[in-house]
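Here the structure comes first, spelled out in structure tokens, and everything after it is commentary.
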Amino acid sequence: MERGDPNLLDTYKVEIESLKQLLEAQEQAVFEQAALLEEKMNELKNRMQDLEGSRRAMKNIAEDLTESKEILEYQKKILEDVNKELDDFTYIVSHDLKEPLRSIDAYSKFIIDDYKDKLSEEGRHYLERVRANTERMKKLIEDLLEISRLKKRGSTIEEVETEELITEVKMRLEYAIKQKGVEIIIKDKLPKIFCDRVRLTEVFLNLISNAIKFNDKQKPVIEIGYDDQGDLHKFYIKDNGIGIKEEYFEKIFEIFQRLGKREDVEGTGAGLTIVKKIIQIHKGNIWVESKPGEGSVFYFTIPKDRSMILGKKLIGEILLERKLVTEDDIKKALEEQQRMGRINKGEQDGRGT
Amino acid sequence: MAEEHNIIKILLVEDNPDDIDITKRALKEAKVINKLWIVRDGQEALDFLKHEGDYKDLSSSPKPGLILLDINLPKLNGIDVLGAIKKDSNLKRIPVVMLTVSKRDEDIIKSYDNGCNSFIQKPVNFENFVEVVKEVSLYWGLLNIFSPNGQEE
């Protein structure tokens, strides 16, 4: 009979055995998968904790930043107020100082004229000295006024050919240039720049006239050069004059600092202060390099971008322009900021109840 | 020697006695033939021009051909006086020259906005001031042609 076929039974046995093994293997696989899953779950949990940590850190940084920004803005406001007060003070004081000066000058003149016969040569000389000093004081006051006015008045920023400014300055200094036999070399092609035309002319005028004034050489040579520095224009004015000691590199930009003896050099010593203020108004920088006896080089920079000079452009716009960030980055950052704002708000509300 | 119409009638509005001295002397040295009236504050200036207060007597306050007006004045400041003059139909054609030691942007703008004819800064140096007084008086007193009824009294 087929039923009692022992071979068939063996076959089943084998088959069952292999099925059992398969099952065990699958069980093992499921088990391993479960373990893996748990591992992954743990990993995920850790990552979520990390993320939460980062989020908190970000929040803290954002809060810190907001706080620093507020402090900075507050300090900026105080500084601006103090500056304004100082400017107003300078302005008012200088006007009030001028009035008595007029009287001193006029009455000295009246004595010189009306008492001509009674005055000795010496007496007359003394009165002339009084007048010379009122004249000098008037100049000092006017320079003070000029400096305080620089900030009070707004700037007109327009596109200007630098070459035109130099031509204008050369015209104004024509007499001194001819008299001292000064050679002015324009070394590089000078660019078109955005600036306040009148004020930047003042900068070149001051620097070039200083280069002529403080020059003891037989043949004074002044070199005007330019270097394109990416976002900045960099100019220099180099002379072969008397030069400046290193210890005075900063001091010369302070008001009424004169390194020469009063009799040697005309002027009040406010020129470079005015120059520096003008450059600062343009958001640029000015400095000097020099060797006594060999000459000085005055460097100054001015941003190329009109909005940067006007201080209207935000840092984000500049980053965007230079492709350091994309619109998406900014959008994401803004969204994140908003989201965090909501979370903060939610947390605070939660705490409140 | 000078004919009546060549004499410039000047009203000086000035509170500082030194400045009055100096302006008088400058007019003299500039050889400007003039008749000078002096008032010491803003209110007095308007009284003079409108024949009010101490100036009800017309002979004491003739209509000037030129007003030299300081800005820093007691009671009413120069800009307010200027505004009042330029709003008054009887006075508005009298040339007003702001003569001041100030060169504040604000003062300059307000002066022109209120209709001043000229804004001049008083120089510190006396000789320069003489030049200014001479030129101002000659220009406004002789050279400038006025509106036909502006100079009528």
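The values are calculated or read from the model by the stated rules, or taken from the named source; none is laboratory data. None of the values given here were measured: they were computed from a predicted structure. Heads up, the Cβs are rebuilt from the backbone with ideal geometry, glycines too, and the neighbour counts pull from every protein chain shown.
A compact table of results
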read-out: Neighbours by Cβ (under 7 Å, 6+ apart or cross-chain): first from region A:117-135, surrounded by 13 or more Cβ atoms within 10 Å (Cβ to Cβ); second basic (Lys, Arg) and at pLDDT 90 or above; value: A:Arg131/A:Lys109
read-out: Out of A:Ile104, A:Ile147, sole residue that is in a helix (DSSP H, G or I), within 11 Å of another protein chain (Cβ to nearest Cβ) and under 26 Å from B:Asp70 (Cα atoms); value: A:Ile104
read-out: Among the residues listed as B:Asp88, B:Asp70, the single one being of a type in the set (Asp, Glu), surrounded by 18 or more Cβ atoms within 10 Å (Cβ to Cβ) and either modelled with pLDDT of 90 or more or out of contact with any helix residue (DSSP H, G or I) (no Cβ under 7 Å at 6 or more places or on another chain) (or both); value: B:Asp70
read-out: Scan of region A:85-101 for residues that are more than 10 Å from chain B (Cβ to nearest Cβ) and among the aromatic types (Phe, Trp, Tyr), ordered by number; value: A:Phe89
read-out: Residue that is surrounded by the most Cβ atoms within 10 Å (Cβ to Cβ) [pool: residues in region B:22-64 that are under 20 Å from B:Ile85 (Cβ atoms) and of a type in the set (A, V, I, L, M)]; value: B:Ala45
read-out: Total residues in region A:166-208, condition in contact (Cβ under 8 Å) with a residue 40 or more places away in the chain and polar (S, T, N, Q); value: 1
read-out: Qualifying residue in region B:66-76 (condition: more than 14 Å from chain A (Cβ to nearest Cβ), aliphatic (A, V, I, L, M) and farther than 17 Å from B:Lys35 by Cα); value: yes
read-out: Number of the exception - B:Ile7 against (1) away from chain A (no Cβ under 14 Å); (2) crowded, with 18+ Cβ neighbours inside 10 Å; value: (2)
read-out: Meets criteria (in contact with a strand residue (DSSP E or B) (Cβ under 8 Å, 6 or more places away or on another chain) and not small (Gly, Ala, Ser)) for A:Glu163; value: yes
read-out: Failed item, numbered, when B:Glu127 is tested on (1) in contact with an Asp or Glu (Cβ under 9 Å, 6 or more places away or on another chain); (2) surrounded by fewer than 17 Cβ atoms within 10 Å (Cβ to Cβ); (3) over 16 Å from B:Thr23 (Cα atoms); (4) of a type outside the set (Lys, Arg); value: (3)
read-out: Candidate set: region B:83-140, residues that are among the polar types (S, T, N, Q) and within 14 Å of chain A (Cβ to nearest Cβ); chosen: the one farthest from A:His95 (Cα to Cα); value: B:Asn128
read-out: Sole exception among (1) outside the structural domain of A:His233 (by TED's automatic domain parsing); (2) small (Gly, Ala, Ser); (3) surrounded by fewer than 15 Cβ atoms within 10 Å (Cβ to Cβ) for A:Gly181, by number; value: (1)
